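Undergrad: Before anything else, here's the structure in question.
The values are calculated or read from the model by the stated rules, or taken from the named source; none is laboratory data. These figures come from a predicted structure and were not determined experimentally. Cβ placement follows ideal geometry from the backbone for every residue including glycine, while neighbour counts extend to all protein chains displayed. Ligands, DNA and RNA are stripped out before the accessible areas are found, and what is left, the full protein with its side chains, is counted by its heavy atoms. Shrake-Rupley method; radii C 1.70, N 1.55, O 1.52, S 1.80 Å.
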Amino acid sequence: MDNDITDRLIPSHIRQLKGYVAGKTIAEVAETYKPEQISKLASNENRLGCSPRVHPAVMEAMREIQDYPDPIARKLRAALSKKNGVSENEILIAAGSESILSILCRTFLEPGDEIVTVDATFVGIFVQAGVMNATLRKVPLHDDFSYNGLAMAEQIGDKTKLVYLANPNNPTGTYIPKEEFEAFIDAVPEHVVIVVDEAYYEYARDVVDFPHAVSYRRKNMMVLRTFSKAYGLAGFRIGYAIAHPEWITQMMKTKLTFEPTAPAQAAALAALEDEDFLQESVQLVKRERAKLAHFLDDQGISYVPSIANSLLLQFASEEEAGTFTQEMLKKGVILRQTTAFGLPDCVRVSIGTDGEMQHFRKCCMNVLTEILS
Ligand SMILES: *Cc1c(COP(=O)(O)O)cnc(C)c1O
């Protein structure tokens, strides 16, 4: 295709976007490097899988697969309303948090509007803001990767419509504690939406000073949750927003009518009812995360303390982080260098099963002695 045709057809703010670079799949790693074992620790998925209740629920939903799904996911919405102590009209269910970020941006933003967030956070918000040709104001994290809530609030200007805060944050696993969160939300004017992305809520909710955003019941707050992480349903694409009914009504207009799919709705409903599986998943992460931290301390590798299902390793340079990621990949351990998230010197390790984490530790020691020493 001629460049000038592309230039004529595609607006420049779209041309400027960087496409998503997919990580290697398990099959590709097996084919390319033929390692003895493969551990996929790159995307913060639940390595235990999902609740055993999901499979039969999905099979049941398949009986009606020729019919369009319920566009407002009534059954799941009722269950979520009960679980979170909010009204049904305060809930919007869509094809994952990423879809909700897209709906949010499509609904609220015009070109030139601003979003305030931080320089190192979930890429999804960077991309969806870019699609709408909105301006991102990125506030630096503190040196220890924690949020500076008041600095974020100070960046709010006349054109600011949204403030985005992932809590806990991805890729750092850090969180904004209760007291600072309260000062932050008090400093945000009423006409700006505070978007709190709680993709890792289930891992964080028992931490004493973790602020449960829903409990504040602010009119200008929107809380995002997903079934992709602790519930283990990333492949289904389903998540939800909790917000003021007026905003839910407006966002329903830009949501693709029939997302999420009927099997995804059934899967989420079944997963939601299995508190045992959820607890097992959360406990595994806590246990293995502590073991990993201990190992990294012994090896003298810097990392960021996390309350999510990942740990962020810090290297001396982008090159060193790249070499580490690549050498680990050759040994079958798939990790994520966090360049797109704004942290090119770092590598994110998702917390897996005991066997996967042993594999990580073994390969990590080898890479350190062979390559990086
Ligand atoms: C993983 C992640 C998401 C994506 O969730 P989906 O529901 O799978 O789209 C959203 N926000 C954050 C902060 C994440 O880490």
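Undergrad: Quick one: what pairs do we get from the range 9-28, first residue at negative phi, second among the basic types (Lys, Arg), C-beta under 6 Å, 6+ apart or different chains?
TA: So the pair list comes out as 26/40.
Undergrad: If we keep just the residues of the range 117-135 that are more than 16 Å from residue 102 (Cα to Cα) and more than 14 Å from the chain's Cα centre (by Cα), which is farthest from the ligand (Cβ to nearest atom)?
TA: The extreme case among them is 119.
Undergrad: If I ask for residues that are surrounded by 13 or more Cβ atoms within 10 Å (Cβ to Cβ) and either within 16 Å of the ligand (Cβ to nearest atom) or small (Gly, Ala, Ser) (or both), which ones from the range 26-35 would you list?
TA: The answer is 30, and nothing else.
Undergrad: Here's something else I'd like to know. Here is a check on your reading of the model: is residue 348 in contact (Cβ under 8 Å) with a residue 60 or more places away in the chain and assigned to a helix (DSSP H, G or I)?
TA: Details: in contact (Cβ under 8 Å) with a residue 60 or more places away in the chain: yes; assigned to a helix (DSSP H, G or I): no.
When the stated conditions are applied, residue 348 does not pass them.
Undergrad: I'm told residue 18 meets every condition in (1) closer than 24 Å to residue 91 by Cα; (2) within 22 Å of the chain's Cα centre (by Cα); (3) exposed (fewer than 12 other Cβ atoms within 10 Å of the Cβ) except one. Can you identify the failing condition by its number?
TA: Evaluating residue 18 over (1) closer than 24 Å to residue 91 by Cα; (2) within 22 Å of the chain's Cα centre (by Cα); (3) exposed (fewer than 12 other Cβ atoms within 10 Å of the Cβ) leaves (1) as the failure.
Undergrad: Here's something else I'd like to know. Regarding residue 154, is this residue open to solvent by 60 Å² or more (accessible area, probe 1.4 Å), within 14 Å of the ligand (Cβ to nearest atom) and either farther than 23 Å from residue 245 by Cα or in contact (Cβ under 8 Å) with a residue 12 or more places away in the chain (or both)? Break it down stepwise before answering.
TA: Working: open to solvent by 60 Å² or more (accessible area, probe 1.4 Å): yes; within 14 Å of the ligand (Cβ to nearest atom): no; either farther than 23 Å from residue 245 by Cα or in contact (Cβ under 8 Å) with a residue 12 or more places away in the chain (or both): yes.
Here the answer is no, as residue 154 does not meet what is asked.
Undergrad: Then there's this: Is the range 157-164 home to any residue that is away from the ligand (no atom under 14 Å from the Cβ) and in a helix (DSSP H, G or I)?
TA: No, because not a single residue in the range 157-164 is away from the ligand (no atom under 14 Å from the Cβ) and in a helix (DSSP H, G or I).
Undergrad: Only one of these conditions is not met by residue 22: (1) in a loop (DSSP other than H, G, I, E, B); (2) among the small types (Gly, Ala, Ser); (3) over 21 Å from residue 261 (Cβ atoms); (4) away from the ligand (no atom under 16 Å from the Cβ). Which number is it?
TA: For residue 22, the failing item is (4).
Undergrad: May I pose another question? Looking at 291, 286 in this structure, which one is in contact with a helix residue (DSSP H, G or I) (Cβ under 7 Å, 6 or more places away or on another chain), open to solvent by 50 Å² or more (accessible area, probe 1.4 Å) and in a helix (DSSP H, G or I)?
TA: 291
Undergrad: Does residue 319 meet the test of being free of Cβ contacts under 8 Å to residues at least 12 places away in the same chain, surrounded by fewer than 21 Cβ atoms within 10 Å (Cβ to Cβ) and not in a loop (DSSP other than H, G, I, E, B)?
TA: It is true that residue 319 is free of Cβ contacts under 8 Å to residues at least 12 places away in the same chain, surrounded by fewer than 21 Cβ atoms within 10 Å (Cβ to Cβ) and not in a loop (DSSP other than H, G, I, E, B).
Undergrad: Please name all residue pairs, on different chains or six or more residues apart, with Cβ atoms under 7 Å, provided the first residue is in the range 290-302 and is within 15 Å of residue 367 (Cα to Cα) and the second residue is open to solvent by 20 Å² or more (accessible area, probe 1.4 Å).
TA: Qualifying pairs under 7 Å: 295/361; 296/303; 299/368.
Undergrad: Next question, about the same structure. I'd like the residue in the range 200-227 that is touching a Lys or Arg at 6+ places or on another chain (Cβ under 8 Å) and open to solvent by 10 Å² or more (accessible area, probe 1.4 Å) and, out of all such residues, is nearest to the ligand (Cβ to nearest atom).
TA: Selected residue: 201.
Undergrad: Right, next: Would you confirm whether or not the range 249-267 contains a residue that is within 12 Å of the ligand (Cβ to nearest atom), open to solvent by 10 Å² or more (accessible area, probe 1.4 Å) and of a type in the set (Asp, Glu)?
TA: Checking the range 249-267: at least one residue is within 12 Å of the ligand (Cβ to nearest atom), open to solvent by 10 Å² or more (accessible area, probe 1.4 Å) and of a type in the set (Asp, Glu).
Undergrad: Still on this structure: Out of everything in the range 235-248 that is open to solvent by 30 Å² or more (accessible area, probe 1.4 Å) and either in contact with a helix residue (DSSP H, G or I) (Cβ under 8 Å, 6 or more places away or on another chain) or among the aromatic types (Phe, Trp, Tyr) (or both), what residue ends up being nearest to the ligand (Cβ to nearest atom)?
TA: Step by step, filter the range 235-248, then rank; the result is 237.
Undergrad: Also, quick follow-up: Could you identify the single residue in 98, 114, 90 that is under 23 Å from the mean Cα position of the chain (by Cα), away from the ligand (no atom under 16 Å from the Cβ) and closer than 30 Å to residue 143 by Cβ?
TA: 114
Undergrad: Another question about this same structure. Can you spot a residue in the range 99-109 that is without any contact (Cβ under 8 Å) to a residue 40 or more places away in the chain and among the basic types (Lys, Arg)?
TA: Scanning the range 99-109 turns up no residue that is without any contact (Cβ under 8 Å) to a residue 40 or more places away in the chain and among the basic types (Lys, Arg).
Undergrad: Which residue, of 335, 329, is buried (at least 17 other Cβ atoms within 10 Å of the Cβ) and within 22 Å of the chain's Cα centre (by Cα)? Full working, then the answer.
TA: Details: 329 fails: within 22 Å of the chain's Cα centre (by Cα).
So the residue among 335, 329 that is buried (at least 17 other Cβ atoms within 10 Å of the Cβ) and within 22 Å of the chain's Cα centre (by Cα) is 335.
Undergrad: Shifting gears a bit: Taking the condition modelled with pLDDT under 95, out of contact with any Gly (no Cβ under 7 Å at 6 or more places or on another chain), farther than 27 Å from residue 350 by Cα and among the aliphatic types (A, V, I, L, M), does residue 150 pass?
TA: So residue 150 passes the test.
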